[in-house]
Amino acid sequence: MAEHNDFGRESEEAAVHYLEDLGYNILERNFYWQNAEIDIIAEYNNLLVVVEVKSRKSAYYGEPYSFVNPQKIKLLAKAINQYIKVKEIDKEIRFDIISIVKNSTEYHLEHIEDAFFPF
């Protein structure tokens, strides 16, 4: 497996542990629909929370969260709409980003709640 895939998987694992420590109930990881992937789907305070995990080894070119673009937001919205139809869920949805910078000298995890609205 490529090193960047391992790094991404480790980052998602760190995000899951972080969320679980805060009391989030993880429902799905890596939910795919068509050409969209949702990293984490969780429940928290009667909300359905869609979490996009972005990680980088450096913030030199920008914080990881800044790489969530309008196309990605549109894909996340389409995928979660499919998820709630299939699972017959009737809850308010919140979109979060967990941004991680990790290298040999630095580790920083930032959780941005209500990071964007997909409309």
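We did not get these values from a lab; they are worked out from the coordinates using the rules stated. Quantities reported herein were computed from a predicted structural model and do not represent experimental measurements. Virtual Cβ from ideal backbone geometry, glycine too; neighbours counted across all protein chains shown.
Considering only Glu12, Glu43, Glu88, the mean-square fluctuation computed in a Gaussian network model of the chain, springs between alpha carbons under 10 angstrom, is largest for Glu88.
The simple spin-label model puts a point 7 Å past each Cα toward its Cβ; for Glu43 and His17 those points are separated by 2.5 nm. Taking a sphere under 11 Å around the Cβ of Asn103 and counting the other residues whose Cβ falls inside, with K and R at +1 and D and E at -1, yields a net charge of +2. If you fit an axis through the alpha-carbon atoms of helix 70-87 and take the longest principal axis of the Cα set of the chain, what angle between them do you get, 0 to 90°, nearest 10? Between the helix axis and the principal axis of the chain, the angle is about 40 degrees.
The H on the amide N of Leu27, modeled in the peptide plane, is under 5 Å from the matching H of Ile41, Ala42, Glu43, each at least 5 residues off or on a different chain.
Taking the chain as a Gaussian network of alpha-carbon nodes connected by springs under 10 Å, the highest mean-square fluctuation of the residues Ala59, Ala36, Ala77 belongs to Ala59. Remark on Arg94: its backbone amide H falls under 5 Å from those of Leu48, Val49, Val50, a criterion applied only to residues 5 or more positions apart or on other chains, H modelled at 1.01 Å from N. Take the Cα of Gln71, step 7 Å toward its Cβ, do the same at Leu27, and the gap between the two points is 2.8 nm. Within the listed set Asn25, Asn81, Asn69, the Gaussian network model of the chain (springs between alpha-carbon atoms below 10 Å) gives the highest mean-square fluctuation for Asn69.
Of the residues Ile80, Ile89, the one with the fewest other Cβ atoms within 10 Å heads the list, and the complete ranking is Ile89, Ile80. For Ser99, Ser66, the sequence from fewest to most other C-beta atoms within 10 Å is Ser66, Ser99. Counting Lys and Arg as +1 and Asp and Glu as -1 over every other residue whose Cβ lies under 14 Å from the Cβ of His17, the net charge comes to -3. In segment 3-112, one over the average inverse separation of all distinct C-alpha pairs is 14.4 Å, which is the Kirkwood hydrodynamic radius.
Counting only residues at least eight positions apart within a chain, or on another chain, the lysines with an alpha carbon under 29 Å from that of Lys102 are Lys54, Lys57, Lys72, Lys74.
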